[in-house]
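The block underneath contains the structure these notes are about, expressed in structure tokens.
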Amino acid sequence: MIDQLPVGLSIAGALLLIALGLTFTFGQMGVINMAHGEFIMAGAYTAYLLQDLADDKAVFLALPVAFGVAGAMGLILERLAIRRFYGRPLDTLLLTWGVSLVLQQLARDLFGAPNVNVTAPGLLEGRLALGGMTIPYTRLFIMVLAVACVAAIWLYMNRSRQGRRMRAVMQNRELAACSGVVTERVDQLTFFIGSGLAGVAGVALTLIGPIGPSLGTNYIVDAFLVVVAGGLGRLRGAVLAALALGLLNSFVEFWTDASSAKVVVFVAIVAFLQVRPQGMFVLRSRALT
Amino acid sequence: MSVLAQGRTLLTGRARGYVLFAAVALLLLAIAPAALDPFRLGLLAKYLCFAIAALGIGLAWGQGGMMTLGQGVFFGLGGYCMGMYLKLKDAGSGGLPDFMVWSGVEELPALWEPFRSPFFALTMVVVLPVAVAAVLGLLVFRQRVRGAYFAILSQALAAAFVIWLVGQQGLTGGTNGLTNFYDVFGMDPEEESTQRTFYFVVVVVLGALYLLARQLVKSRFGRLLVAIRDGEDRVRFLGYNPATVKTITFAVSAAMAGIAGALYVPVVGIISPALLGVVPSIELLVAVAIGGRFSLAGAILGGVLMNWAHTTLSENWPEGWTYLQGGLFILVIMLAPKGIAGLVNQAGDLLARRKAAAPSAPQALAKEEVPV
């Protein structure tokens, strides 16, 4: 049973990486981006393509490249369509679902429908024995990556000028604009970072298993739940909720079976929302809605 | 004078509605069965089943503002209730459904036992979706979880439901679902006359549910619902409880999806998880968006059209269909957020304005007094 702990932690790490991007696009900007899953897929295929260039080091090289690729895709989407829909989150859901259909089919046409494998770097072969449990290095790498991303985002949001502008726009768009913040520029950058993080998450997912055109769809529902349970746009909330969901999932799976675990997790979240309807951490404001 | 004129336009509007309803009823009840061969008629019955579920979405989402991405769950609950009854009928008393034999189940699970009775099964088709929707709705709406949060929760429900169905192979038939029915209420489903009977049942149920939904929307309850959609907090300040109104509406829309699922099983002959998950649920919602979410008739039209397009195009041209479907959504959401029904209304308004601008003096006078 103690073996479930690293499994749960690495699921939590992957979930967290995906949810971090959503904290930006959904949490900060109120856009329900269903195409986020396809940005994950784009990141994963970036690692797959880079194998020709860098052999088994592809995963490391892919991390920054996938960030750029997925970020650029997000930026294009924001410029072409999403910016007309700010303040209408439910319409963005429909719109981006259309985009996600097109991107998935595009991946199927470009790379074929069957799943492909990305070779894990030789450095990450083997397992770490720790106490009574063993952790594959690949899983450990995902956890470390998640922690590193959280640290980087925390620094960005709380210590950089640009991050302060982003928070200002989120809390009060009009007031931020009056104070001289170019809100449109901030929106673009926020969306770029959020989408780019999806690319990073995609690279991490290549370490867990084979990848295919519908890679993102499998994770996206859970990742949105993490953001809902954690509280909109709250970094602390996303971290705690991802940990809770990942651990709960793996332990319930151990006690019952994989299919019941999903139901238990869902019931747990609805129960949790009875206590904290707006998630773990709420940004206090006097606004009514 | 102005009241009179208003009364007149209202009457003509209502009369137009009746004429349209009668025309569609005539088309579906008399013309379609005569003109279509049995295979096409069966397909039309299938589309109309989806239209019933779409009607429920139109009610919950269009009128009540609850974007439900989990209607597949309720469709599935209704479908499985019907499927379980039919399977047990085929197995005979004391027998086991075929898939249970294959997966090594030796005794009928207690959950299945009551479904031997057709009355119990048909009651559960409505009761089960209503119960699930009412519990979820009450818990969620009472805490003022709404909008995007509600959409995400309902989507997660669909995902969890399908994973559970697939996982419980011995209980639910797993990925294959329930299929191979040989005896449907004493009729042979292969028989042409049986298919025809099912078709008429579906049309009549759809018509009845449409009238019910329309009545609900026109009533005081319906006005309250629209008011909640447009300003939930204001309605709360007026002393109403939005959670109750929303829960009732959500439960009604779940019941419609359940009935649709139960009709789908004898019409198509299968119910399986592939029909119920995140993707089919969202597809149904998008069909409503394309038909016109603010109009009940638009929701039905969208349900029929999109499923027709899906079946016809995806068989001959699967890759192209996905691009077309995705592109269509993007276009509709960006250019015509009120869907086909919205476009029709706009065209109607345009025509009326043209007519008003025509130099017929008395008509122009009367129009002036009617606030547009």
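Just one of the listed residues (B:Ala299, B:Ala260, B:Ala255) is more than 14 Å from chain A (Cβ to nearest Cβ), closer than 22 Å to B:Val217 by Cβ and surrounded by fewer than 24 Cβ atoms within 10 Å (Cβ to Cβ), and it is B:Ala255.
A search for C-beta distances below 6 Å between a residue of the stretch A:27-53 that is at pLDDT 90 or above and any residue that is in a loop (DSSP other than H, G, I, E, B), counting only pairs 6+ apart in sequence or on different chains, returns A:Ala44/A:Thr206; A:Ala47/A:Val118; A:Ala47/A:Thr206; A:Tyr48/A:Val118. In the set A:Leu94, A:Leu123, only one residue is surrounded by 12 or more Cβ atoms within 10 Å (Cβ to Cβ), at negative phi and either within 14 Å of another protein chain (Cβ to nearest Cβ) or in a loop (DSSP other than H, G, I, E, B) (or both); that residue is A:Leu94. Scanning the stretch A:252-259 turns up no residue that is crowded, with 21+ Cβ neighbours inside 10 Å and part of a helix (DSSP H, G or I).
Of the residues in the stretch B:304-311, at least one is within 15 Å of B:Ile57 (Cα to Cα) and buried (at least 24 other Cβ atoms within 10 Å of the Cβ). Whether a residue is over 24 Å from B:Trp164 (Cβ atoms), of a type in the set (S, T, N, Q) and more than 12 Å from the chain's Cα centre (by Cα) was assessed, and A:Gln274 does not pass this test.
Might you check whether a residue that is over 18 Å from A:Leu15 (Cβ atoms), not in a helix (DSSP H, G or I) and not hydrophobic (A, V, I, L, M, F, W, C) occurs anywhere in the stretch A:141-159? For the stretch A:141-159, residues over 18 Å from A:Leu15 (Cβ atoms), not in a helix (DSSP H, G or I) and not hydrophobic (A, V, I, L, M, F, W, C): absent. Assessment of the stretch A:183-197 against the conditions (more than 14 Å from the chain's Cα centre (by Cα) and within 14 Å of chain B (Cβ to nearest Cβ)) yields no matching residue. In the stretch A:70-91, of all residues being part of a helix (DSSP H, G or I) and farther than 23 Å from B:Gln325 by Cβ, the one that is nearest to the other protein chains (Cβ to nearest Cβ) corresponds to A:Arg83. Please specify each residue of the stretch B:120-156 satisfying the condition of being within 10 Å of chain A (Cβ to nearest Cβ) and under 18 Å from the mean Cα position of the chain (by Cα). Passing the criteria: B:Ala151, B:Gln155.
Using the structure shown, decide if A:Ala62 is within 25 Å of A:Gly209 (Cβ to Cβ), among the small types (Gly, Ala, Ser), in contact with a Ser or Thr (Cβ under 7 Å, 6 or more places away or on another chain) and not in a loop (DSSP other than H, G, I, E, B). Spelling it out, A:Ala62 is indeed within 25 Å of A:Gly209 (Cβ to Cβ), among the small types (Gly, Ala, Ser), in contact with a Ser or Thr (Cβ under 7 Å, 6 or more places away or on another chain) and not in a loop (DSSP other than H, G, I, E, B). Of all residues in the stretch A:97-115, those that are facing another protein chain (nearest Cβ under 7 Å), hydrophobic (A, V, I, L, M, F, W, C) and touching an Asp or Glu at 6+ places or on another chain (Cβ under 7 Å) total 0.
The values are calculated or read from the model by the stated rules, or taken from the named source; none is laboratory data. Note that the structure is a prediction, hence the values are computed from the model and not measured. Quick reminder, even Gly has a Cβ in these numbers, built from the backbone with ideal geometry, and neighbours come from all protein chains shown.
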